[in-house]
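Worksheet: one structure, shown below.
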Amino acid sequence: MPGSGYTYVCKLDVLKEGVPRRFEVESVPVALVLTEQQVFAIHDVCSHSAVSLSEGEVDGCTVECWLHASRFDLRTGHPLDPPATRPVPVYPVRIDDGSVYVRATPRTEQ
C-alpha cells in the first residue's frame, strides 16, 4: 500500500485468535490482536505501568494488562478497569490480500 500511510506488518495467518503479538511499526510498539473476526492494533505499552500489553489476556474486544489487571478496549484504547485511567492509542488496520497493514498514526475517534 505505498503512499497510503500504511506499513506492512505481517501475513494474516501468523496471527492466532485471541493471542496478542508485538510488532514495531515505524518504531512504534504495537500489539496486534485477532479477535471476533477483526484485527486490532493497540499501543503495546500500558498507560498505567510501562509493561507490554501483548503479554496480556484477550477477552472479546479487550486486552488485560498482566501486571495490574487493567483492561483496555481494543477498539478505542480506553481503560475499563483501574488502576489505569488514561487510554492508550489505537491504530488503523487494513487487510489486503492476506497481509496486515497498520498506520502508525493513532486513530482520533477515541
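The table that follows gives values for the structure above.
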quantity	calculated
Residues that are surrounded by 21 or more Cβ atoms within 10 Å (Cβ to Cβ) and out of contact with any helix residue (DSSP H, G or I) (no Cβ under 8 Å at 6 or more places or on another chain), drawn from region 39-53	F40, A41, L53
Unmet requirement for V63, which otherwise passes all of (1) at pLDDT 95 or above; (2) loosely packed, with under 14 Cβ neighbours inside 10 Å	(2)
Residues located in region 1-18, provided they are under 17 Å from D44 (Cβ atoms) and open to solvent by less than 70 Å² (accessible area, probe 1.4 Å)	T7, V9, C10, V14, L15, G18
Among (1) at pLDDT 95 or above; (2) out of contact with any strand residue (DSSP E or B) (no Cβ under 7 Å at 6 or more places or on another chain), the one test that S4 misses	(1)
Selection count, region 21-38, where residues are of a type in the set (A, V, I, L, M, F, W, C) and open to solvent by less than 10 Å² (accessible area, probe 1.4 Å)	5
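The values are calculated or read from the model by the stated rules, or taken from the named source; none is laboratory data. Please read these numbers as outputs of a predicted model, since none were measured by experiment. Note that each Cβ is placed from the backbone with ideal geometry, even for glycine, and that neighbours are counted across all protein chains shown. For the accessible areas, the whole protein counts, side chains as well, though only heavy atoms, and no ligand, DNA or RNA atoms are used. Shrake-Rupley method; radii C 1.70, N 1.55, O 1.52, S 1.80 Å.
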